[in-house]
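Below is one structure, written out as structure tokens, with a few remarks after it.
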Amino acid sequence: MIAGMWVRSTLAYRASFVMTTFGNFAATFFDFVAIMLMFTRVHALGGYSLPQVAFLYGLSAASFGLADLAIGSMDRLGRRVRDGTLDTLLVRPVPVLAQVAADRFALRRLGRVLQGSLVLGWALTRVEIDWTPLKLLLMPVTVASGCAIFCAVFVAGAAFQFVAQDASEVQNAFTYGGTTLLQYPPTVFAKELVRGVTFLLPLAFVNWLPAAYVLGRPYPLDLPGWVAFTPPLVAAGCCALAGLAWRAGLRSYRSTGS
């Protein structure tokens, strides 16, 4: 209902909606332009060709774009905690998490989803993949699981803001920063960092691990091939932990001035 209200408000000014959506599309597209410029000087990046990097980019951007569209407003929670306006959400007969996620729902974020999907589509026409039924099934599962993992990171970051209050930039370091990290091959990073985003904050399951299987490339940590099919399990675990963190943060809230 809340999201629908914001959508109707947005569509009331259709020209403005089209321009802001295009602006969102263009701003994110420049990220991929920077990658393309790199390939004017090199033939491969960490052993990955441009279509293969575009494949990683498209998976990450599409997954994050869907999560950002659905729950990207969570970074405003710290502001509500600080000024006490979260109290108005607590008295409504609707889950607080749903209200915070739908607050100022920005339909213009579809531009990021569209941009990532177009890059992914282009990559699929250029990259050489020996398609099998398992690989075909893994594609939509990867995008859906990646979206769920990013949603869990958004919720966990929001839960942290109950303690740190207005710490949205810390949250953005793991959400927007995380998707930027995943747009590049794991082979260009130190193994310590790859281990960290595999075993501690499992962002590698958004695209690195399933993409390694689809592209037929070895993963830097020499993990078995079956881990490429575990993103749904990892996503479920991340969502469960994020839910626990959210409940703990909400119970610790004592309103402004207390």
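The values are calculated or read from the model by the stated rules, or taken from the named source; none is laboratory data. Since this is a predicted model, take the numbers as computed values, not measurements. When we count neighbours, we look across all protein chains shown, and the Cβ atoms used for this are built from the backbone with ideal geometry, even at glycine.
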Of the residues in the stretch 165-204 that are among the polar types (S, T, N, Q) and under 21 Å from ALA67 (Cβ atoms), the one that is modelled with the lowest pLDDT is SER168
Of the listed residues (GLY225, GLY196, GLY249, GLY178), the one being surrounded by fewer than 16 Cβ atoms within 10 Å (Cβ to Cβ) and within 30 Å of ARG79 (Cβ to Cβ) is GLY196
In the stretch 176-216, residues that are more than 26 Å from ALA242 (Cα to Cα), among the aliphatic types (A, V, I, L, M) and not in a helix (DSSP H, G or I) total 1
Within the stretch 123-140, residues being crowded, with 16+ Cβ neighbours inside 10 Å and touching a Pro at 6+ places or on another chain (Cβ under 8 Å) number 3
**OP:** Determine whether PHE162 is under 17 Å from ASP75 (Cα atoms) and not in a helix (DSSP H, G or I).
**Re:** no
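For every residue, the table says whether it meets (1) assigned to a helix (DSSP H, G or I); (2) closer than 21 Å to GLN171 by Cα; (3) among the small types (Gly, Ala, Ser); (4) touching a helix residue (DSSP H, G or I) at 6+ places or on another chain (Cβ under 6 Å).
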site	(1), (2), (3), (4)
LEU56	yes, no, no, yes
PHE64	yes, yes, no, yes
ILE71	yes, yes, no, yes
ARG92	no, no, no, no
In the stretch 77-122, anything out of contact with any Leu (no Cβ under 9 Å at 6 or more places or on another chain), at pLDDT below 85 and surrounded by 21 or more Cβ atoms within 10 Å (Cβ to Cβ) is listed as GLY78, VAL81, ALA101, GLY111
request  = Determine, yes or no, whether TYR219 is outside any helix (DSSP H, G or I) and either within 20 Å of the chain's Cα centre (by Cα) or among the aromatic types (Phe, Trp, Tyr) (or both).
outcome  = yes
Flagged pairs (Cβ under 7 angstrom, 6 or more apart or on separate chains; first in the stretch 60-85, over 12 Å from ARG112 (Cα atoms); second part of a helix (DSSP H, G or I) and of a type in the set (Ser, Thr, Tyr)) are ASP75/SER168; GLY78/SER168
Taking the stretch 165-175 and the residues there that are part of a helix (DSSP H, G or I) and not hydrophobic (A, V, I, L, M, F, W, C), the one that is farthest from LEU77 (Cα to Cα) would be THR175
Filter the stretch 123-159 for residues that are in a helix (DSSP H, G or I) and β-branched (Val, Ile, Thr); the one that is nearest to GLY237 (Cα to Cα) is ILE149
Tell me, please, whether a residue that is in a loop (DSSP other than H, G, I, E, B), without any contact (Cβ under 8 Å) to a residue 60 or more places away in the chain and not aromatic (Phe, Trp, Tyr) can be found in the stretch 234-247.
no
Would you check if there is a residue in the stretch 34-42 being in contact with a Phe, Trp or Tyr (Cβ under 7 Å, 6 or more places away or on another chain) and either surrounded by fewer than 13 Cβ atoms within 10 Å (Cβ to Cβ) or modelled with pLDDT of 85 or more (or both)? yes
